Amino acid sequence: MAKDLRQFLKEYERDHPEDVITIERPISLKHEIGILVDLLDRERKFPLLRIKNPILCNGEPSEYEVIMNEIGSRSKLAYAMNSTWETVSHDWRRLAIENKQKPVVIDRSEAPVKEEVLKGDDVDMQRYPAYQPYLMLPHPYVSLAPMITYHPEIHVDNMGIHRGEIQGKDKIAFLFSPDNHNSMNFYKHEQEHNKNMKCAVVEGLHPNVLMASQTKMGYPESHFETCGGLLGEPLRLVASETLGDDFMVPADAEIVIEGEILAMKRTAEGPYSEYTRHIGAQRWCPYMKISCITQRKNPLWSNYAIGRNHAFQGLAREFKVYDMVKQVVPQVTKVYLLPHAGGCDGLGFCFIQIKKTAEGQAKTAIHAALTANYGIKHVIVVDDDVDIYDERMVFWAVGTRAQPDKDWVIIKDVMCSIVDPSIEYHWGSKAGIDATRPAPPEPFLIPTMFPEEDMKRIKLHDFIPKEQLEKIPDAFRNIDPEK
Ligand SMILES: Cc1cc2nc3c(=O)[nH]c(=O)nc-3n(C[C@H](O)[C@H](O)[C@H](O)COP(=O)(O)O)c2cc1C
């Protein structure tokens, strides 16, 4: 059996029942689900949610189940790749880039996503449980559905996620950031060939396929092969219904929405809740005219916890930063993109751990990391005695090992995330902090320590029972019951 979302859900539920919540009680896709995810986020919890009876934004009961948070934590992504919390980013690179596999094409009759083929009046995006989580969003959004397009000259596939505002039964507006390959394909179609761009928007995919969509490849370079690498088996493809037999789509998806992005047409998109947890401005964007929808019977629909997701996009950037830094500072030991600093997705703060051997290495690492991705805004470099997965320890290093006048670096007028609310256009400034000690043999104060053998011997649970420990309030949280 091919790997798909259903199989992932079944296995994850079997292996981690404690991290799966099934909600039978009706809950509205307009604001209520957003609030639920936010409340869980405040508790620092990101369980996989199966919402069995969602209410559509127009108040009607949904025919279909909603899934959320299937990629909502680093540990779930590690699970999907048979990896570990610490090594998941490196395994992502290894599988996606070094273990690529060519896709296979199957017949329409074997493809689960062709169980139902909807055309003409049967095409109605308003039937689907897309959500509208925050105030000020004008319509429900498609939030976790990679778009497939092809290069107009050499027909190489591309896959990237774009948020899509459902503006009518057969109309979705999409934001195309200029660095993305779907946007490059679109401008080639529109500006060089004066043609519409065929595209398919794919809902309900195995987490590894979603990860493939976020693996930054060269342009143009196949994401379908990356899917095979991450899945550990070739991605199964099937020909589209209305875009031609050479336009292939994933056969094991839940829903495929086929259509064209119209050349020389734009519509107002947004305001939208950006991943930065701010409402981004309305923009003039291209839109898709839908020609056909194919789907499984009772398809599952995924909504993305916008601004509340804790791992996904940042994790995709982590190995990229590591590789860039490693080229110039081989002493790098670990890289961690703080999952919630940019609102989410880890683009706001990047922590780098090095085993420093000479002066200048930390600042070189800062420059390499800041240019590894346009969205990485702040970098902190620490020594290898600092746990970079614990931000308290990183800020301890900043507080005790860095001098602002000597150790802070600011660079100006470089490309930044277009949705960063603190910049006007798409360029701005970035900063780094060298929070490392001087390189040996320069002296520096020694941190407080314990005898190693005693550290190994003494266990907290031997003195305070586990149940009692769990009841002690989190000292870093406001637990005032009124709040
Ligand atoms: C949930 C989610 C939503 C995203 N929304 C958009 C979007 O609306 N527009 C955009 O240009 N990129 C968006 N991205 C980023 C792209 O999907 C990402 O940069 C991807 O790597 C692009 O790959 P490509 O350059 O191969 O097309 C989103 C990413 C995620 C995870």
Test: Ile380 is among the β-branched types (Val, Ile, Thr), within 24 Å of Leu77 (Cα to Cα) and surrounded by 23 or more Cβ atoms within 10 Å (Cβ to Cβ): no
Residue in the stretch 255-273 that is within 14 Å of the ligand (Cβ to nearest atom) and either surrounded by fewer than 20 Cβ atoms within 10 Å (Cβ to Cβ) or free of Cβ contacts under 8 Å to residues at least 40 places away in the same chain (or both) present: yes
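Quick grid of which residues meet (1) touching a residue at least 24 places away in the same chain (Cβ under 8 Å); (2) polar (S, T, N, Q); (3) within 16 Å of the ligand (Cβ to nearest atom):
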{"position": "Asp91", "(1), (2), (3)": "no, no, no"}
{"position": "Arg127", "(1), (2), (3)": "yes, no, no"}
{"position": "Leu137", "(1), (2), (3)": "yes, no, yes"}
{"position": "Ser143", "(1), (2), (3)": "yes, yes, yes"}
Any hit, the stretch 19-28, residues being in the same structural domain as Arg74 (by TED's automatic domain parsing), in a helix (DSSP H, G or I) and not aliphatic (A, V, I, L, M): yes
Extreme residue, farthest from Met211 (Cα to Cα), among residues of the stretch 149-171 that are within 15 Å of the ligand (Cβ to nearest atom) and among the small types (Gly, Ala, Ser): Gly164
The stretch 316-331, subset more than 10 Å from the ligand (Cβ to nearest atom) and farther than 13 Å from Val379 by Cβ, residue least open to solvent (accessible area, probe 1.4 Å): Phe319
Which numbered condition Leu231 misses (of (1) away from the ligand (no atom under 15 Å from the Cβ); (2) touching a Lys or Arg at 6+ places or on another chain (Cβ under 6 Å); (3) under 20 Å from Pro152 (Cα atoms)): (3)
Test set (1) within 15 Å of the ligand (Cβ to nearest atom); (2) open to solvent by less than 10 Å² (accessible area, probe 1.4 Å); (3) part of a loop (DSSP other than H, G, I, E, B); (4) among the hydrophobic types (A, V, I, L, M, F, W, C) - Leu243 fails condition number: (1)
Test: residue in the stretch 200-219 that is assigned by TED's automatic domain parsing to the domain that holds Arg266, among the aromatic types (Phe, Trp, Tyr) and in contact with a helix residue (DSSP H, G or I) (Cβ under 6 Å, 6 or more places away or on another chain): yes
Within the stretch 251-343, strands (runs of 3 or more DSSP E) holding 1 or more residues that are under 30 Å from Val104 (Cβ atoms): 255-261, 287-295, 301-303
Any hit, the stretch 37-49, residues being over 18 Å from Leu144 (Cα atoms), open to solvent by 60 Å² or more (accessible area, probe 1.4 Å), in contact with a Lys or Arg (Cβ under 7 Å, 6 or more places away or on another chain) and part of a loop (DSSP other than H, G, I, E, B): no
Any hit, the stretch 100-121, residues being within 15 Å of the ligand (Cβ to nearest atom) and either over 29 Å from Tyr374 (Cα atoms) or in contact (Cβ under 8 Å) with a residue 12 or more places away in the chain (or both): yes
Restricting the stretch 201-223 to residues that are of a type in the set (D, E, K, R) and either on the phi > 0 side of the Ramachandran plot or at pLDDT 95 or above (or both), the residue that is farthest from the ligand (Cβ to nearest atom): Glu203
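The values are calculated or read from the model by the stated rules, or taken from the named source; none is laboratory data. Everything quoted here is computed from the prediction, not taken from an experiment. When we count neighbours, we look across all protein chains shown, and the Cβ atoms used for this are built from the backbone with ideal geometry, even at glycine. Note: accessible area is taken over every heavy atom of the protein model, side chains too, but ligands, DNA and RNA are not part of it. Shrake-Rupley method; radii C 1.70, N 1.55, O 1.52, S 1.80 Å.
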